[in-house]
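Asks: Let me begin by handing over the structure; questions about it come next.
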Ligand SMILES: Nc1ncnc2c1ncn2[C@@H]1O[C@H](COP(=O)(O)OP(=O)(O)OP(=O)(O)O)[C@@H](O)[C@H]1O
Ligand SMILES: [Mg+2]
């Protein structure tokens, strides 16, 4: 009866002092799909992510996740429902090792960790899983490296491993491949395809060839509004989309 | 099939990966204990007790600043507030010292919960301002309330009999009680830092939005560390009141809040042992330069400026960088 829609936004709007970064955006993301959100710089993609995960309170609109209205929920509680985001700007814990970064996410399985009297030895139980996740993104040799010392592309990979550690039902990835070299892009693209088998992914990505090969549905945002929606073939032929990209100086 | 003994060729990292206390930390704890045991026979015991009280205070503060990433500019409220309660309990209610100290510590925990709950809603400089504002309210309350003795403070607080058995009138006897409280407090802080809770705390300090996106309700962790820090600061203040048999406005004054920031930064914030060094430096200076009056403040200021300019990581922070080990 939810016609396969896992996440729906209705009339989502964010106003910053008279400027509408996102205006009247309605989205329906189908369960199991890779859904791409694209658009020129400043289109409001990141703001959309911030609204959907409640890192920003919407000025207007409603968000429904798995049939539940989450518009009034806190961002941490939304993450606990299995709707987990990544950040456009690399978001690792710089002074923790790569292994510890992933373990922070795995530690969530314990529920809350208010036990300040217990030794952190109890976290060793997560090491094996953490190593497996690091291996999946090609970071095995860096497990004892402080995340802050990793090259940019590796940081992004670590973020994905950390996000995956929560085993989320739905992932919101904000430009997961920005700043990566060719090999890394290919590896992460393959990983995203692999993990999408039993998950839903909403992804912001500027690399259009990646978008073309990965996504089932594409929503084009421009100036805070939905410009077009559909599969790659139809969206890429849409004259308004072409104009928006050329107008913004994008290829 | 090799059942070979795991070789420890990567040094401490293996041990840390196992989650135990690394050898060099254990060595430092033993050295501290040894130094603590001989110190009262080489130095004036009351002076060393003062260092220990302030060292515990600074370590408690560092738990919040160095590991929680929260700069409180009102920690005198918990230190001094606890000192008043501890002194009042010992003097007026006739509590034995252990219960007096416990009362003061508990009072600091309650005060910390109330103020912390309001302060953690703010970030950065606003957080510091809120904590300062509440500390000022505690100061004015202490100035006006009848039981605090106004400008005189609570004087001639009896040291009493520990557990009804041990008379604490002797400085040496009291010294070992204070040493035990200090080491107990330090070990507790060490455990907090190296607990599952401490791990989440570090994550929040490093990148709060990311911690939230992983489902951590970060405000609760921040409140928890705030309360722990206030409680331990209260333990230090309560003990200080028994040692000096005095609780006064100095303990709740904003300059006390500033001093603990100074101690922590000079020693090295975010290091386990740095605040102890910082406290020792500042207390020593105050003691031996006391005759110079206002110049002490000037010299303190100069040391602070030099510290900030030359080694931001503090004394122990710099040493930690040299030896490439967290201290
Ligand atoms: N907190 C804020 N206050 C004011 N304006 C903001 C804020 N956050 C975003 N904006 C503005 O909203 C618009 C949309 O920004 P957003 O970051 O969502 O764009 P984007 O589509 O993610 O762009 P990019 O491709 O560069 O990441 C921009 O014009 C930006 O300047
Ligand atoms: Mg963006």
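Throughout, read-outs are computed from the coordinates displayed, never taken from laboratory work. Computed from a predicted structure; not experimentally measured. Ideal geometry is used to build each Cβ from the backbone, glycine not excepted, and the neighbour counts take in all protein chains shown.
Asks: Going by average Cβ density within 10 Å per residue, which order do the peptides A:151-162, B:294-305, A:25-36, A:116-127 take, highest to lowest?
Replies: On the way: A:151-162: 22.0, B:294-305: 12.8, A:25-36: 19.6, A:116-127: 16.9.
Top of the packing list down: A:151-162, A:25-36, A:116-127, B:294-305.
Asks: Kindly provide the Kirkwood hydrodynamic radius of chain B in Å, to one decimal, from all pairs of distinct alpha carbon atoms. All intermediate terms of the calculation are to be shown ahead of the outcome.
Replies: Working: mean 1/r = 0.0491 Å⁻¹.
Mean inverse Cα-Cα distance, inverted, gives 20.4 Å.
Asks: Please give the Cα centre distance for region B:182-228 versus region A:91-144, rounded to the nearest Å.
Replies: Taking the Cα centre of each part, region B:182-228 and region A:91-144 sit 15 Å apart.
Asks: Given the C-alpha centroids of region A:15-67 and region A:159-202, what is the distance between them in whole angstrom?
Replies: 19
Asks: Enter the Cα centre distance for the pair region B:67-102 and region A:214-239, rounded to the nearest angstrom.
Replies: 63
Asks: Residue B:37 to residue B:137: FRET efficiency via 1/(1 + (r/R0)^6), r the Cβ-Cβ distance, R0 51 Å, to the nearest 0.05? Walk me through the numbers before you get to the answer.
Replies: Details: r = 41 Å, r/R0 = 0.81.
E(calc), rounded to 0.05, equals 0.80.
Asks: Using Cα-only point scatterers and the Debye equation, what is log10 of I(q)/I(0) for region A:1-157 at each q in 0.21 Å⁻¹, rounded to two decimals?
Replies: These q points yield log10 I(q)/I(0) values of -1.27.
Asks: Still on this structure, I have one more. Shape of region A:163-227 from its Cα gyration tensor (a ≥ b ≥ c, root eigenvalues): rounded if a/c is under 1.5, otherwise prolate when a/b > b/c, or oblate? All intermediate terms of the calculation are to be shown ahead of the outcome.
Replies: Details: a/c = 1.78, a/b = 1.22, b/c = 1.47.
Judged from the Cα gyration tensor, region A:163-227 comes out oblate (a/c at least 1.5, b/c at or above a/b).
Asks: Share of Cα-Cα pairs in the protein assembly as shown beyond 33 Å, in percent?
Replies: Details: 85811 of 166753 pairs.
I get 51 percent for the Cα pairs in the protein assembly as shown exceeding 33 Å.
Asks: With each run of n ≥ 4 DSSP H residues scored as -39500 (n - 2.57), what mean residue ellipticity at 222 nm is computed for chain B after dividing by its residue count and rounding to the nearest 500 deg cm²/dmol?
Replies: Mean residue ellipticity at 222 nm (helix-derived): -23000 deg cm²/dmol.
Asks: Find how much the distance from residue A:74 to residue A:213 grows on full extension, using 0.36 nm per residue of separation minus their present alpha carbon separation; answer in nm with one decimal.
Replies: Working: separation 139, 0.36 × 139 = 50.04 nm, distance 3.41 nm.
That pair, residue A:74 and residue A:213, stretches by 46.6 nm at full extension.
Asks: Using a Förster distance of 30 angstrom, determine the FRET efficiency expected from the C-beta separation of residue B:30 and residue A:112, and round it to 0.05. Display every interim value, and only then the final one.
Replies: Working: r = 34 Å, r/R0 = 1.15.
Rounded to the nearest 0.05, the efficiency is 0.30.
Asks: Also, I was wondering about something else. Contact order normalised by length for chain B, with contacts defined as Cα pairs under 8 Å and 6 or more residues apart; what percent is it? Present the calculation step by step, with values, prior to reporting the outcome.
Replies: Details: 513 pairs, mean separation 96.7, N = 327.
The normalised contact order for chain B reaches 30 percent.
Asks: What list of whole percents do you get for P(r) of region B:170-327, with Cα-Cα distances grouped in 10 Å bins up to the one holding the largest distance?
Replies: 9, 30, 36, 20, 4, 0
Asks: What spacing in nm lies between the two simple spin-label points modelled at residue B:250 and residue B:325, each 7 Å away from Cα in the Cβ direction?
Replies: That separation, rounded to one decimal, is 3.7 nm.
Asks: Would you work out if region B:39-140 is rounded, prolate or oblate? Take a ≥ b ≥ c from the square roots of the eigenvalues of the alpha-carbon gyration tensor; rounded if a/c is under 1.5, else prolate when a/b is larger than b/c, oblate otherwise. Mind showing how you got there, number by number?
Replies: On the way: a/c = 2.56, a/b = 1.42, b/c = 1.80.
Because a/c hits 1.5 or more and a/b fails to exceed b/c, region B:39-140 counts as oblate.
Asks: Follow-up question, since we're still on this one. Report the extension gain between residue A:16 and residue A:119 in nm, rounded to one decimal, defined as 0.36 nm multiplied by the number of residues separating them, less their alpha carbon distance. Each step should come with its number before you reach the end.
Replies: Numbers: separation 103, 0.36 × 103 = 37.08 nm, distance 4.54 nm.
Here the segment from residue A:16 to residue A:119 would lengthen by 32.5 nm.
Asks: Over the whole of B:199-205, what's the average partner chain Cβ count within 10 Å per residue? Rounded to a whole number, please. Could the numbers behind the result be given before it?
Replies: Values: counts 9, 7, 2, 5, 10, 2, 2.
Per-residue shielding by partner chains comes out at 5.
Asks: Out of all DSSP beta bridges with both ends in the protein assembly as shown, state the antiparallel percent to the nearest 5.
Replies: On the way: 24 of 40 bridges.
Taking every DSSP beta bridge with both residues in the protein assembly as shown, the antiparallel ones total about 60 percent.
Asks: Can I ask one more? Could you check what % of the DSSP bridge pairs in chain A are antiparallel, to the nearest 5? Please report the intermediate quantities before stating the final value.
Replies: Details: 21 of 37 bridges.
The antiparallel proportion sits near 55 percent.
Asks: Say R0 is 45 Å: what FRET efficiency, to the nearest 0.05, do residue B:310 and residue A:26 get from their beta-carbon distance? Before the final figure, lay out the partial values.
Replies: Details: r = 58 Å, r/R0 = 1.28.
So the FRET efficiency works out to roughly 0.20.
Asks: Need the full-extension length gain, residue B:145 to residue B:284, defined as separation in residues times 0.36 nm minus the C-alpha distance. One decimal, nm.
Replies: Working: separation 139, 0.36 × 139 = 50.04 nm, distance 3.26 nm.
Between residue B:145 and residue B:284, full extension yields 46.8 nm more.
Asks: Calculate the mean, over all residues of peptide A:78-87, of how many other protein chain Cβ atoms lie within 10 angstrom of the residue's Cβ.
Replies: Values: counts 3, 7, 4, 1, 1, 1, 3, 5, 2, 4.
Across A:78-87, the average partner-chain Cβ count within 10 Å equals 3.
Asks: Moving on to the next point. Can you tell me the mean projection area, over all orientations, of the convex hull of region A:91-167's alpha carbons? Units nm², please. Mind dumping the intermediate values first?
Replies: Numbers: hull surface 19.4 nm².
Hull-based average projected area comes out at 4.8 nm².
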